Amino acid sequence: MTKEELCNLAKQAMQNSYSPYSSCRVGAALLAENGKVYLGANIENASFSPTICAERSAFAAAVSAGERKFAALAVTGGKDGEINGAFYPCGVCRQVISEFCADDFPIYVLTKGEIISLTLGDLLPHSFSNEVM
Ligand code: THU
């Protein structure tokens, strides 16, 4: 699967965003090593803090289905569903991604007409991991 295809799936995942409070629709597409793709959307809550980001929704779906090995993640989002700026994964999502993925794990952020290609190591250097425990 190309990064363009994965980004396109992230864009489709925005459609299921439940975001009545921020109006930010975010979608994520997580490619497992076996080729399966798991989609996630942000799910907001009236109490705000229980909100789940699109990236963590995708990981929850995949890990709940038994997946443990991942090849790439694509993320995109925008106010009222209009993709303009870069919706980079938040700090909590970066930490969750690092539970399952190495520093070289590719993360694609789809903005208006451009795909920003990063690695987890770019987004979360010197991460805390269970290697020190
Ligand atoms: N959001 C995500 O889905 N992913 C991120 O990495 C950053 C933020 C969502 C949470 C909330 O529903 C909305 O974007 C505004 O913060």
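The values are calculated or read from the model by the stated rules, or taken from the named source; none is laboratory data. What you see is a predicted model; the values in this text were computed from it and never measured. Cβ placement follows ideal geometry from the backbone for every residue including glycine, while neighbour counts extend to all protein chains displayed. Side chains included, ligands, DNA and RNA excluded: accessible areas come from the protein's heavy atoms. Shrake-Rupley method; radii C 1.70, N 1.55, O 1.52, S 1.80 Å.
Tabulated values for the structure
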read-out: Candidate aspartates and glutamates - alpha carbon under 12 Å from K69, same-chain residues fewer than 8 apart omitted; value: E33, E99
read-out: Selection from T111, G78, C101, by position along the positive dipole direction of the chain (Cβ); value: G78
read-out: Longest to shortest principal axis, alpha-carbon extents of the chain, angstrom; value: 40, 35, 28
read-out: Under the Karplus curve 6.51 cos²θ - 1.76 cosθ + 1.60, θ = phi - 60°, whole-Hz ³J(HN,Hα) for the stretch 6-11, x wherever Gly or Pro sits; value: 5, 5, 5, 5, 4, 5
read-out: Choice from V26, V92, V109 showing the highest fluctuation, given a GNM over the chain with Cα pairs closer than 10 Å; value: V92
read-out: Heavy-atom surface of the chain, accessible at 1.4 Å and reported per residue (Å²); value: 54 Å²
read-out: Relative contact order (percent, whole number), the stretch 3-125, Cα cutoff 8 Å, 6+ residue spacing; value: 23 percent
read-out: The chain - percent of accessible surface contributed by carbon and sulfur, probe 1.4 Å; value: 52 percent
read-out: Karplus (6.51, -1.76, 1.60) ³J(HN,Hα), θ = phi - 60°, over the stretch 65-79, in Hz, Gly and Pro reported as x; value: 7, x, 6, 9, 10, 10, 9, 5, 9, 10, 9, 7, x, x, 4
read-out: From phi via Karplus (6.51, -1.76, 1.60), per-residue ³J(HN,Hα) for the stretch 81-95 in Hz, x at Gly/Pro; value: x, 8, 7, 10, x, 8, 8, 6, x, 6, x, 5, 5, 4, 5
read-out: Debye, to nearest 20: dipole size of the stretch 3-125, +1 on Lys, Arg Cβ, -1 on Asp, Glu Cβ; value: 200 debye
read-out: Within the chain, helix-based [θ] at 222 nm, where runs of 4 or more DSSP H residues each add -39,500 (n - 2.57), nearest 500; value: -7500 deg cm²/dmol
read-out: Interchain or long-range residues, amide H under 5 Å from C24's placed H; value: D80
